[in-house]
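Asker: Encoded as structure tokens, here's the structure I'll be asking about.
Please treat every number below as a calculation from the coordinates, not as lab data. None of these values were measured; they are calculated from a predicted model. Glycine also receives a Cβ, built like all others from the backbone with ideal geometry; neighbour counts cover every protein chain displayed.
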Amino acid sequence: MKLQVPKNIAEIIPYPPGKPMDELEREYGVTNAIKLASNENPWGPSPKAVEAVRDQLVNLHRYPDGSNYYLAQALSHWTTADPEEIVLGNGSNEVIEFLVKALVSPGDEVITSHPSFLMYQKFVQVRGGKNLVLDLKGMHHDLDAIIEHVTPKTRLIFIDNPNNPTGTFIGKAAFDDFVRKLPETVVVVLDEAYVDFVDKDQQIDIFSYIRNSEGLPGLVSMRTFSKAFGLAGLRVGFGLMHRDLADMLHRVRQPFNINLLGQIGAMAALNDTDHYEYTLRETEKGLQWLSEQVAELGCKPYPSHTNFFLIDVKGDATNLYEAMLHKGVIVRSMKAYGYPQFIRITVGTAAENQRFVHALAECLKELAYV
């Protein structure tokens, strides 16, 4: 076989998936491992979502609603967006793909930051676009540098807010100043996967830009059911944007892109505000406790507006990651992100947090980091 593959495709480095929990347990000879590496909801999905999904299992022979009508209506009520301002995706990843497909042609430029979500750049590379990747400044998006790099070829600017992996957040005033310095021809994409964990009074009012767009760049807010709602396994995300832009994205969206169980589970999760609020309260409580414990061990925790945070472990992060694996605790080394002494951990349940702190104390001592 002689494949004729375009250079932009052949040069893509595949997204590095983590190994299944069972496989890691087998390799490292541990049982009952805990996973604090993927920013998942440790309290699981809403019981109402589980029940709703279970009730729909007998209907798996039917196609899902191709228009996502009822889920869009439910999201309209939750977000105050009009249904025409909502585009649903198979995870917010797919909304990223829609944006790149609809707006980027070969040779067009897209600005992203490093470190941030890797898939922004991969979708652009698939389309033959040009990635301009700018380093964070003090763990924050360098908004001034982004503005300086905008050219007539710039189509999209991706900003994860809060940022993953640093957990930093752009405030209202800084964002407003940034947006008003950009040309109308650019679309700014705020990836707000973790915005649920941000204080309500600090969150950017995306609709003040979407509905008053004269003289401003296009604005998109991307959201997900994977984090605060605990539905990562169902892969449901959505974008909020001007209806004209939404119309363009629907032109590249495949029918039935949200499966039946995803639609049903997401609608039920929106109706369980008790579970949602419980997740936010417990995350805040766990984040504060973990930060205090980590500091007492001699490491440096970094403030975060999310359900995860960075820790400077004062030594090689990958060695610590390996040592933690042997104790059945899975964390994320930040060495590949340019932070060789940092790990990132997700806030877990109280029991998981305690186990993490105990394992971290042992590993730090074994490795003589602090």
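Asker: Based on the Cβ-Cβ distance from Ser105 to Leu60, what FRET efficiency comes out when R0 is 56 Å, to the nearest 0.05?
Answerer: After rounding to 0.05, the efficiency reads 0.90.
Asker: How much of the DSSP beta bridge set in the chain is antiparallel, as a percent to the nearest 5?
Answerer: In the chain, approximately 50 percent of DSSP beta bridges are antiparallel ones.
Asker: For segment 1-120, rounded, prolate or oblate, judged on the Cα gyration tensor with a ≥ b ≥ c (square roots of eigenvalues), a/c < 1.5 rounded, else prolate if a/b > b/c?
Answerer: oblate
Asker: Another question, then. What length, rounded to one decimal in nm, is gained on full extension from Tyr28 through to Lys7, with 0.36 nm per residue of separation minus their alpha-carbon distance?
Answerer: Length gained between Tyr28 and Lys7: 3.7 nm.
Asker: When Lys and Arg each count +1 and Asp and Glu each count -1, what net charge do the other residues less than 12 Å away from Gln288, Cβ to Cβ, add up to?
Answerer: Overall, the nearby charge balance is -1.
Asker: Filter the trypsin sites (Lys or Arg not before Pro) in segment 121-202 down to the DSSP loop ones having no more than 15 other Cβ atoms within 10 Å, then list what survives.
Answerer: Sites meeting the loop and neighbour criteria: Lys153, Arg180, Lys181.
Asker: Let me ask you something else. Rounded, prolate or oblate: pick one for segment 266-331, where a ≥ b ≥ c are the square roots of the eigenvalues of its C-alpha gyration tensor, a/c under 1.5 means rounded, and failing that, prolate if a/b is larger than b/c, else oblate.
Answerer: prolate
Asker: Of Leu240, Leu280, Leu297, which has the largest mean-square fluctuation in a 10 Å C-alpha GNM of the chain?
Answerer: Looking only at Leu240, Leu280, Leu297, the largest GNM fluctuation is found for Leu297.
Asker: Can you list the residues of segment 73-102 with backbone N under 11 Å from a point 7 Å past the Cα of Arg251, pointing along Cα to Cβ?
Answerer: From segment 73-102, the list is 102.
Asker: When the chain is fully extended, how far beyond the present Cα-Cα distance does Met21 get from Gln354, taking 0.36 nm per residue of separation?
Answerer: 117.9 nm
Asker: Of the listed values [x] 1.01; [y] 1.21; [z] 1.54, grab the one calculated as Cα Rg over 2.2 N^0.38 Å from the structure here.
Answerer: The listed entry that was calculated here is [x].
Asker: Next question. At 7 Å along Cα-to-Cβ for each site, give me the label-to-label distance between Asp135 and Thr151 in nm.
Answerer: Computed distance between label sites Asp135 and Thr151 equals 2.1 nm.
Asker: I would also like to ask the following. Work from the charge dipole of segment 47-270 (Cβ charges, +1 for Lys and Arg, -1 for Asp and Glu, about the Cα centre) and give the residue of Val187, Leu270, Pro162 farthest towards its positive end.
Answerer: Leu270
Asker: Another question, then. Enumerate the residues in segment 296-317 having an amide nitrogen under 19 Å from the point lying 7 Å beyond the Cα of His326 toward its Cβ.
Answerer: Counting backbone N atoms under 19 Å from the label point, the list is 313-317.
Asker: Where the only charges are on Cβ atoms (+1 Lys, Arg; -1 Asp, Glu), what is the dipole of the chain about its Cα centre, to the nearest 20 debye?
Answerer: The calculated dipole for the chain is roughly 920 debye.
Asker: Can you tell which of Val357, Val186, Val313 shows the greatest fluctuation in a Gaussian network model of the chain with Cα springs below 10 Å?
Answerer: With Cα springs under 10 Å in the chain, the top fluctuation among Val357, Val186, Val313 is at Val357.
Asker: Check each of the trypsin sites (Lys or Arg not before Pro) in segment 233-268 and keep only those in coil by DSSP with at most 10 other C-beta atoms within 10 angstrom; list them in order.
Answerer: Hits after loop and neighbour filter: nothing returned.
Asker: Given an 8 Å cut-off on Cα distances and at least 6 residues of separation, report the relative contact order of segment 216-370 as a percent.
Answerer: Rounded, it is 17 percent for segment 216-370.
Asker: What FRET efficiency do you get for Asn259 and Ala368 if R0 is 41 Å and r is their Cβ-Cβ distance, rounded to the nearest 0.05?
Answerer: 0.25
Asker: Using helices alone, what [θ] at 222 nm do you get for the chain, with -39,500 (n - 2.57) per DSSP H run of 4 or more residues, divided over all residues and rounded to the nearest 500?
Answerer: -11500 deg cm²/dmol
Asker: Only Cα pairs under 8 Å and at least 6 apart count here; give the relative contact order of segment 124-225 as a rounded whole percent.
Answerer: 26
Asker: Given contacts defined as C-alpha pairs under 8 Å and at least six residues apart, what's the relative contact order of the chain, whole-number percent?
Answerer: 23
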